[in-house]
Amino acid sequence: MDKEKTSQPPRRMTRSSASSPTSTSNNVIAAKVHNLDPLTINDLFVGGNPISLDDIISDFPGRRSQILEIVRLLGPLNSPMLPLFVYGGPSTGKTSIILQLFRHLNRPLVYSSCRTCYNQGILFESILNQLFLHRKNAANGYANAKRCDRPSDFVNFLREALTNVINNLKEKSEKLVSNKTTEEKIGNMIYLVFDNFHLVREWDNSSTILPLLFNLYDMLKMHEVGLIFISSTSPDTFYSNMGYVEPIPVYFPDYAEGDIRQILLRNQVNQKLYSSFLE
């Protein structure tokens, strides 16, 4: 793996690729890295054409209960929420469903994978670069928006960046409301998504970074900010006596055989023929 710290932070998917739920999480990381246009608040939204909740449920067999539960926990527009801890084995649809739901709800998020952001510094810089709408390029010497040498620096910069984004969202929302030709609503909530969160336990400073991330809800005290942790291991594998507000768990079990069959048949032109190969 190339551990060059000048790598581009994860961004949203492109509109042309957003229609494929199976490629959603990969597209979040890869999209727009070659686009030199200045970033705007729109870059915090998952791209693609609108998608209905029924379509998401149809695209992910066996995940109806998890999808509806996450929608309930996210709540209506501008609803404060407790942190979520979405967990389950690999390839159970966790990340793809989260991103598709944000596409459906048309809400902004900052996505950071603890696999590509493989240490504390890179994770902090990825989050701040996205929130400050900062793109590293030759013009700025591939510098980050902010330099974070200490966790306390990160928290201070994070609060500043979140405040700016929330204010921008409020302005954008007010303009949309005043525009009688559209019914689009975006609200003023911003969500921080930490994917592959279980990998943080392997970091050298995990005993410091884990309490920090779990305590963000209490430290920030910003009702417009939602936190979502996505992990391949259960909450029991993390410390539970740190004094933080424990995230609400949402479990994704392994797919049943019937669910896997539906997934394999989903995009086949001749499902009857293809089904014969699965017998």
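Among the trypsin sites (Lys or Arg not before Pro) in region 101-202, those placed in a DSSP loop whose Cβ has at most 10 other Cβ atoms within 10 Å are K180.
Annotation for region 141-196: GluC sites (Glu not before Pro) lying in DSSP loop with at most 13 further Cβ atoms inside 10 Å of their Cβ are E183, E184. FRET efficiency for the pair W203 and L82, taken as 1/(1 + (r/R0)^6) with r the Cβ-Cβ distance and R0 = 22 Å, rounds to 0.30. Among the listed pairs K94/K175; K172/K221; K136/K221; K170/K221; K146/K170, those with a Cα-Cα distance over 26 Å are K94/K175; K136/K221. In order along region 69-75, the Karplus-derived 3J(HN,Hα) couplings, from 6.51 cos²θ - 1.76 cosθ + 1.60 at θ = phi - 60°, round to 5, 5, 4, 5, 6, 5, x Hz, and Gly and Pro are given as x. Take every pair of alpha-carbon atoms less than 8 Å apart whose residues are at least six positions apart; their mean separation over the length of region 21-278 yields a relative contact order of 30 percent.
Antiparallel as a % of all DSSP beta bridges within region 21-278, to the nearest 5? Looking only at bridges with both residues in region 21-278, the antiparallel portion is about 5 percent.
Taking other Cβ atoms within 10 Å as a rough exposure proxy, V177, V200 sort from fewest to most as V177, V200. Going by neighbour counts of Cβ atoms within 10 Å, the residues M219, M81, M189 line up, fewest first, as M219, M81, M189.
A short reminder: the numbers here are calculations on the coordinates, not readings from a lab. Keep in mind it's a predicted model, so treat the numbers as computed, not measured. Ideal geometry is used to build each Cβ from the backbone, glycine not excepted, and the neighbour counts take in all protein chains shown.
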